Structures are given as C-alpha cells and as structure tokens.
Amino acid sequence: MTEPLDKIHITVGNITQLSVDAIVNAANESLLGGGGVDNAIHIAAGPKLLEFNKTLGGCPTGLAKISPAFELERQGISHIIHTVGPVWHGDETASLANTHEDVLLASCYHQTLTIAQQHKIKTLAFPAISTGMYHFPKDRAAKIAFGHVLDFLTHHDYPHEVTFCCFNQEDAAVYQEIIDTRMQWMYNRKRICPA
Ligand code: ADP
C-alpha cells in the first residue's frame, strides 16, 4: 500500500498547466473572479466559468464549491474546486492552529478535500491558498496545508494524489522543508520502535 506521504507532490509552475483531474482555485467570496491564481484560472477556463459561477451564489470564507473546468477540460482537468481562504490579520506569535485565520485556512483544505472525495477525484492540485494578496504567512500556511492533506490522505480513498503547486522555487522550498522534517521524524520513529 502507498504511504500517504508518497501521495503528496510539490511542483513549481502555473496551476492551469498541470495534468491533474482537478485544480483548486484560491477564490474570493463572490466566486466571480479576482486577481492572482483566480484570474489565471478564469482566463484559462474561459468565460463559461464566470457564467457557471454566477449560479453558485458565492461562497463563505473557509468553504468550497465545485464547477466544471470548461476550456481546461481539453487538457484533462475535469473540475475546479473554488475555496475562499482567509485574509491574514492574525498574530504570527500565536502557536499554530490558534488563530481564527488558521482555523479558516484548515477548513478550506478540509472542505476542498471532502468535495474531491465525493466526486472521486483521483489527482488534485492546490495553490498556496491565502499566501498572495491575502498575506497569510507562507510557512504557517504550508504547515496547515501539509498537515491537513496528509491527515486526509491517511483516512480516505480519494484523492489518490495531491500536488502542491507553488508559483516559484522559494515557495516550493518551504513545502519541501516541511516534508523533509516529516520524513526524518518517521525515519527516527521507525528506528526507535521498529514494526
Ligand atoms: P490569495 O488571495 O488567496 O492570497 P493569490 O492568487 O493572491 O490568492 O495567491 C495565492 C498563491 O497562488 C500565491 O502563492 C501566488 O504566488 C500563487 N499563484 C498566483 N498565480 C498562480 C498560478 N497561475 N499558479 C499557481 N499559483 C499561483
């Protein structure tokens, strides 16, 4: 059986150009388009995405909604899951999971993964939700993202694989360090308590 950690990948690039079943959009509450990754996804999916999203009635922060991928279907992406991350107003000295923003960001990952599971989506790619215009601290956001994805993959059949799509090498290094730390922890645990 594949270890949950082996189902997690990191890539650098434009999320609209990946070969996955579904991509996640870091949207705003209107779901009618915005800047950053939201804009890139709306451009790549074409105007039918906006027409469809008008029927969704928006989405509160921390929740998620699914749409077809329209023009992106040509490259094999069947769905877009739109989730609304929190704007960071938090206290960076607070321990992880203890700010309102931490809870909302964790909810974005959980809600998105739950929808992916319901639609039997095998491969899913996330951008670094809230870390652009919403100013969530990158390391903190990556720890929340990684922790929730790993936990979900440990307990559910779908999705089979999750990719963290980073827009640049520095962002990817943040995720890589978190994964390396986890792998080291698992290695040490196996040495201390062999199965
Ligand atoms: P938010 O408003 O949730 O902060 P942004 O779109 O401003 O959303 O940024 C979220 C993350 O997505 C940032 O790390 C940004 O660098 C990244 N990003 C922007 N465009 C793309 C893209 N086309 N593909 C992947 N990631 C992207």
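Derivation of every value follows stated rules applied to the coordinates shown; laboratory data play no part. These numbers come from a predicted model, not from an experiment. Cβ sites come from the backbone with ideal geometry, for glycine too, and all protein chains shown count toward neighbours.
Look at (1) more than 16 Å from the ligand (Cβ to nearest atom); (2) touching a Lys or Arg at 6+ places or on another chain (Cβ under 8 Å); (3) in a helix (DSSP H, G or I) and you find that Tyr158 fails only one, number (3).
Exactly one residue out of Phe152, Phe146 is closer than 25 Å to Ile41 by Cβ, within 16 Å of the ligand (Cβ to nearest atom) and crowded, with 20+ Cβ neighbours inside 10 Å: that is Phe146.
Scan region 20-76 for residues that are aromatic (Phe, Trp, Tyr) and touching a strand residue (DSSP E or B) at 6+ places or on another chain (Cβ under 8 Å) and the total you get is 1. Being in contact with a His (Cβ under 8 Å, 6 or more places away or on another chain) and under 16 Å from Glu3 (Cβ atoms) is the filter here; which residues of region 143-195 pass it? Hits for region 143-195 are Phe152, Glu161, Val162.
Scanning region 42-71 for residues that are crowded, with 19+ Cβ neighbours inside 10 Å, within 14 Å of the ligand (Cβ to nearest atom) and farther than 26 Å from His89 by Cα turns up His42, Ala44, Ala45. Evaluating Asp21 against the criteria (1) within 14 Å of the ligand (Cβ to nearest atom); (2) touching a residue at least 60 places away in the same chain (Cβ under 8 Å) leaves one unmet condition, (1).
Only residues that are buried (at least 24 other Cβ atoms within 10 Å of the Cβ), among the hydrophobic types (A, V, I, L, M, F, W, C) and assigned to a loop (DSSP other than H, G, I, E, B) were counted across region 73-89, and they come to 1. Scanning region 28-41 for residues that are closer than 18 Å to Thr112 by Cα and part of a helix (DSSP H, G or I), we see that the one that is nearest to the ligand (Cβ to nearest atom) is Val37. I'd like to verify a number: residues in region 64-89 that are farther than 24 Å from Leu49 by Cβ and touching a residue at least 24 places away in the same chain (Cβ under 8 Å), how many? Selection size over region 64-89: 1. Within the option set Ser107, Ser130, being within 15 Å of the ligand (Cβ to nearest atom), small (Gly, Ala, Ser) and assigned to a helix (DSSP H, G or I) holds for one residue only, Ser107.
The set of residues in region 1-27 being in a loop (DSSP other than H, G, I, E, B) and buried (at least 21 other Cβ atoms within 10 Å of the Cβ) consists of Val20, Asp21.
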